Amino acid sequence: MIESLIKNLNQDIALLQRRIERDKDVGFYDTSRMLESMSIQLFRVLGIAELKSKNQIKVNFPAIDSADDNARIALQVTSVADAKKIKDTIEMFEKQDANGKSLKGSYDTLYIFGFCKTSSVKTRDYCQVIDPGFLLNELIEHDDEGKVQLVINAIRRHLDYSSLHPYADIDCLKILLSHIGRNAIRHYMSCEGDVHAMTKGLNEVSELIGKGSIDGKSKSKALHEFTDQKIAKFLRGVLDQIGGITAIVHKASRDDGFVCLSSQNMQALDKRKQAIAESAENIAKLYGIDVPLAMHRRDD
């Protein structure tokens with residue numbers, strides 16, 4: 001089974017390599033973010049490092065794309081890691097600022113990942129120039145079908161360039177909480193206005209969680225792209241509760257457009273809204289996010 005998965009993974013990698021090379025041939029060069037996002041996922045699955053994008057802190061962050069500050073591991077990823085790219089990366093990695101500090105002082109290991117091609121050149125002891133074969137060998141050594149499948153999923157998500165931007169989980173959680181904190185969820189039913197407007201607001205939250213967009217406009221990243229399992233579990237719970245709310249409203253809707261909610265319906269809706277609000281407050285507190293999320297009966 002694992003041998004077949006590795007073969008499939010090899011094919012997916014080859015397909016993505018051909019696509020990147022083809023796009024470069026026709027003048028499309030913006031593959032760096034896609035490779036960065038994918039590499040972050042691959043290194044996490046393999047247990048090498050919990051990388052975080054440095055380009056979110058500063059666009060075109062010098063020498064490296066992502067890093068695990070705790071493990072002191074840095075990564076530069078590129079389609080072609082030729083001799084010049086390797087030399088330039090190491091020079092920037094070792095370059096000291098006005099205070100005599102360099103990235104080398106912050107990280108013990110530097111990976112230079114050439115996804116399509118690498119050159120065999122002598123480097124520093126702290127530097128490893130790797131290609132997809134390195135990752136495949138790691139997977140074979142782990143002998144874990146689950147890890148292989150996770151890597152396959154990560155590669156295939158990028159075959160159609162569906163995940164170009166490696167947005168941070170916490171930043172995206174803040175965006176989601178700001179939408180969850182709106183009146184569609186926080187209003188008790190006793191002071192709720194247009195039920196159709198409430199449902200529209202809830203559907204927007206569902207779209208934002210499921211697709212990372214609202215009305216087709218990208219706002220965040222989709223649920224399947226979150227790597228923090230606490231956040232992912234919270235978001236799945238919100239979707240479940242919203243599904244329950246919309247089911248109650250749908251069942252109470254008449255052909256003429258009116259929604260006839262009984263007292264029991266109202267209580268059930270409030271209970272589900274309260275569950276969303278409380279779970280949102282808990283996750284916000286866990287990550288130190290300050291956003292109003294408590295239920296209320298009227299606008300303050």
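Throughout, read-outs are computed from the coordinates displayed, never taken from laboratory work. Bear in mind the structure is a predicted one, so any value in this text is a computation, not a measurement. With ideal geometry, Cβ positions are generated from the backbone for all residues, glycine too; neighbour counts draw on all protein chains shown.
Given R₀ = 35 Å, FRET efficiency for SER102-HIS224 by Cβ-Cβ distance, to 0.05?
After rounding, the FRET efficiency stands at 0.40.
Taking each pair of distinct Cα atoms in region 169-286 once, what is the resulting Kirkwood hydrodynamic radius in Å?
Hydrodynamic radius (Kirkwood, Cα pairs) of region 169-286 is 14.6 Å.
By DSSP, what percent of the beta bridges with both residues in the chain are antiparallel, rounded to the nearest 5?
40 percent
Helix 83-94: angle to the longest alpha-carbon principal axis of the chain, degrees 0 to 90, nearest 10?
Orientation of helix 83-94: about 70 degrees from the principal axis.
Which angle between 0 and 90 degrees, to the nearest 10, do you get for helix 263-286 versus the longest principal axis of the chain when only C-alpha atoms count?
The answer is roughly 30 degrees.
Taking the chain as a Gaussian network, where each spring joins two C-alpha atoms under 10 Å apart, which residue of ASP194, ASP97, ASP82 fluctuates the most?
For the chain, modelled as a Gaussian network with Cα springs under 10 Å, the answer is ASP97.
State, as an integer percentage, the relative contact order of the chain based on alpha-carbon contacts under 8 Å between residues 6 or more apart.
16 percent
Spelling out what I want: for every residue of region 48-53, take phi, set θ = phi - 60°, compute 6.51 cos²θ - 1.76 cosθ + 1.60 (Karplus), and round to whole Hz; glycine and proline get x.
Rounded to whole hertz, the list is 7, 6, 9, 6, 10, 5.
Can you match percent of Cα pairs over 33 Å apart to one of these, (i) 59; (ii) 43; (iii) 39, based on a calculation from the structure here?
After the calculation, the listed value that fits is (iii).
Which of VAL249, VAL291, VAL238 comes first, and how do the rest follow, when ranked by fewest Cβ neighbours within 10 Å? The partial results should precede the final answer.
Details: VAL249 18, VAL291 13, VAL238 23.
If I rank by nearby Cβ atoms, fewest first, I get VAL291, VAL249, VAL238.
Once label points are set 7 Å from the Cα along Cα→Cβ at both TYR287 and ASP143, what is their separation, rounded to one decimal in nm?
With each label placed 7 Å out from Cα toward Cβ, I get 3.8 nm.
Comparing ASN99, ASN282, ASN265, which has the greatest mean-square fluctuation in the GNM of the chain with Cα pairs linked when under 10 Å apart?
Comparing ASN99, ASN282, ASN265 in the GNM, the peak value goes to ASN99.
Which ³J(HN,Hα) values in Hz, rounded to whole numbers, follow from the phi angles of region 234-248 under the Karplus curve 6.51 cos²θ - 1.76 cosθ + 1.60, where θ = phi - 60° and Gly and Pro get x?
Per residue, the Karplus-derived 3J(HN,Hα) values read 4, 5, 5, x, 4, 4, 4, 5, 5, x, x, 5, 5, 5, 5 Hz.
Using a Gaussian network model of the chain whose springs link C-alpha atoms within less than 10 Å, name the residue from GLY210, GLY114, GLY257 with the highest mean-square fluctuation.
Its mean-square fluctuation being the largest, the pick is GLY257.
Could you give the Stokes-Einstein D for region 210-258 in µm² per second, using the C-alpha Kirkwood radius, 10 °C, 1.306 mPa s?
Numbers: Rh = 12.7 Å.
Reported coefficient: 125 µm²/s.
How large is the dipole of region 2-159 about the Cα centre if only Lys and Arg carry +1 and Asp and Glu carry -1, each at its Cβ, rounded to the nearest 20 debye? Mind dumping the intermediate values first?
Values: 23 positive and 24 negative charges, 104 e Å.
In total the dipole reaches around 500 debye.
Pick out, in residue order, every one of the chymotrypsin sites (Phe, Trp or Tyr not before Pro) in region 205-300 that is DSSP loop and has at most 16 other C-beta atoms within 10 Å; say none if there are none.
Counting only loop positions with at most 16 other Cβ atoms within 10 Å, the chymotrypsin sites (Phe, Trp or Tyr not before Pro) in region 205-300 are PHE258, TYR287.
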